[in-house]
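Right, one structure below, let's go through it.
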């Protein structure tokens, strides 16, 4: 403690774009500087969210790219700075080991953004392979048992930790990610580049996220194909990723080149989401789903595949629709239910705006402060 303030450190691999990174910045920025001395340790000092870190937050990073060198730098940093709380966003195991090796009394918290069982089957990661999966599962059981607390972003993520990895539920706190609703709504009012949207005047569906296997964009394309048999809807996808070329081929093969646009990464996706008739998410799994809340804050009804994270956000039939069966026909039917009835769409829009308030940054950050204070 210094000047009556508690010392806290967030550790991340980098601040490259992602839900965990954005959440970490918003939480640390939101902590009261009169109560907390705030630091962030980045294994690599890079990423678009660097510019968003509050100037009063100290950022440290190693001057080496080697894994062991970074681990040693983190251990030395913790030993010198003596934070009372170390919260790891990703890289959980190395952060736990470095903190314990620093031989301080720091409490270690894991911030878990995704259901680990689904992560271990994700084609984007090497853990899917048999031997790696077994090893990672075993390490997960040990490390999560050794952490002082775990913050899970949804009830589904918490339940998976208990059921699949034997983590004591009393050591898990469920706290959602914070969303800066004022920023989202302000940005949503900005003008868009109409050239990025598919031509035509049919209903507009917007999706946003990394073009990765877990987001299941092929299912989204097949759902649009099924929907367009009855309704001339258009789809704009915001984001970049390794699946871009395969998606372009699929769109062409399905004859949807004029109905779908891949608009790439947009620094302000909310202005496009705000102009959509519906926002669509077809992920295989989500531990939370910040983008759903951002869409709801814009007053855009959402249709999403049901998963651990989306069930905590969307109230089915009130502010959006959840599709339990991840099939093109069921998703197309849900989209039609929203798009074909302007009264339903308006009611969901109003409800969505109110629902998003549950995740406003000030209230969520206060819940984090309560977690930290209980451990410090």
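Annotations
- Selected residue [closer than 25 Å to residue 179 by Cβ and not in a loop (DSSP other than H, G, I, E, B)] from 263, 226: 263
- Single match in 289, 309 (criterion: in the same structural domain as residue 201 (by TED's automatic domain parsing), buried (at least 24 other Cβ atoms within 10 Å of the Cβ), in contact with a strand residue (DSSP E or B) (Cβ under 9 Å, 6 or more places away or on another chain) and under 23 Å from residue 334 (Cα atoms)): 289
To keep it simple, each residue is scored yes or no on (1) outside any loop (DSSP other than H, G, I, E, B); (2) free of Cβ contacts under 8 Å to residues at least 60 places away in the same chain; (3) crowded, with 23+ Cβ neighbours inside 10 Å.
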position: 304; (1), (2), (3): yes, yes, yes
position: 325; (1), (2), (3): no, yes, no
position: 351; (1), (2), (3): yes, yes, no
position: 373; (1), (2), (3): yes, no, no
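- Within the set 365, 344, 338, the sole residue that is in a helix (DSSP H, G or I) and within 24 Å of the chain's Cα centre (by Cα) turns out to be 365.
- One residue from 15, 28 being assigned to a helix (DSSP H, G or I) and within 22 Å of residue 177 (Cβ to Cβ): 28
- Restricting attention to segment 212-235, the residues that are at pLDDT 95 or above, farther than 19 Å from residue 330 by Cβ and surrounded by fewer than 23 Cβ atoms within 10 Å (Cβ to Cβ) total 1.
- Where residue 70 falls short, out of the listed (1) under 24 Å from residue 368 (Cβ atoms); (2) touching a residue at least 24 places away in the same chain (Cβ under 8 Å); (3) out of contact with any strand residue (DSSP E or B) (no Cβ under 6 Å at 6 or more places or on another chain): (1)
- Some residue of segment 182-193 being in the same structural domain as residue 311 (by TED's automatic domain parsing), surrounded by fewer than 18 Cβ atoms within 10 Å (Cβ to Cβ), closer than 25 Å to residue 335 by Cα and touching a strand residue (DSSP E or B) at 6+ places or on another chain (Cβ under 8 Å): no
Table: residues versus (1) under 30 Å from residue 241 (Cα atoms); (2) out of contact with any strand residue (DSSP E or B) (no Cβ under 7 Å at 6 or more places or on another chain); (3) buried (at least 19 other Cβ atoms within 10 Å of the Cβ).
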| site | (1), (2), (3) |
| --- | --- |
| 10 | yes, no, yes |
| 17 | yes, yes, no |
| 26 | yes, yes, yes |
| 33 | no, yes, no |
| 44 | yes, yes, no |
| 52 | yes, yes, no |
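- When the residues of segment 75-104 are filtered to those that are touching a residue at least 60 places away in the same chain (Cβ under 8 Å) and within 22 Å of the chain's Cα centre (by Cα), the one that is farthest from residue 119 (Cα to Cα) is 86.
- Selection status of residue 12, at pLDDT 95 or above, under 20 Å from the mean Cα position of the chain (by Cα) and not assigned by TED's automatic domain parsing to the domain that holds residue 286: yes
- Residue check for residue 150: outside the structural domain of residue 107 (by TED's automatic domain parsing), touching a strand residue (DSSP E or B) at 6+ places or on another chain (Cβ under 8 Å), buried (at least 17 other Cβ atoms within 10 Å of the Cβ) and not in a loop (DSSP other than H, G, I, E, B): no
- Each residue in segment 267-282 was checked for being in contact with a strand residue (DSSP E or B) (Cβ under 6 Å, 6 or more places away or on another chain) and in a loop (DSSP other than H, G, I, E, B), and 4 pass.
- Of the criteria (1) crowded, with 19+ Cβ neighbours inside 10 Å; (2) on the phi > 0 side of the Ramachandran plot, which one residue 200 fails: (1)
- Taking each residue of segment 19-40 that is touching a residue at least 12 places away in the same chain (Cβ under 8 Å) and looking for partners that are buried (at least 21 other Cβ atoms within 10 Å of the Cβ) and part of a helix (DSSP H, G or I) with beta-carbon atoms closer than 6 Å, six or more apart or interchain, yields 19/290; 27/368; 38/28.
The values are calculated or read from the model by the stated rules, or taken from the named source; none is laboratory data. Only a predicted model underlies this, so the values are computations on that prediction, with no experimental measurement involved. Glycine gets a Cβ as well: all are built from the backbone with ideal geometry, and neighbour counts include every protein chain shown.
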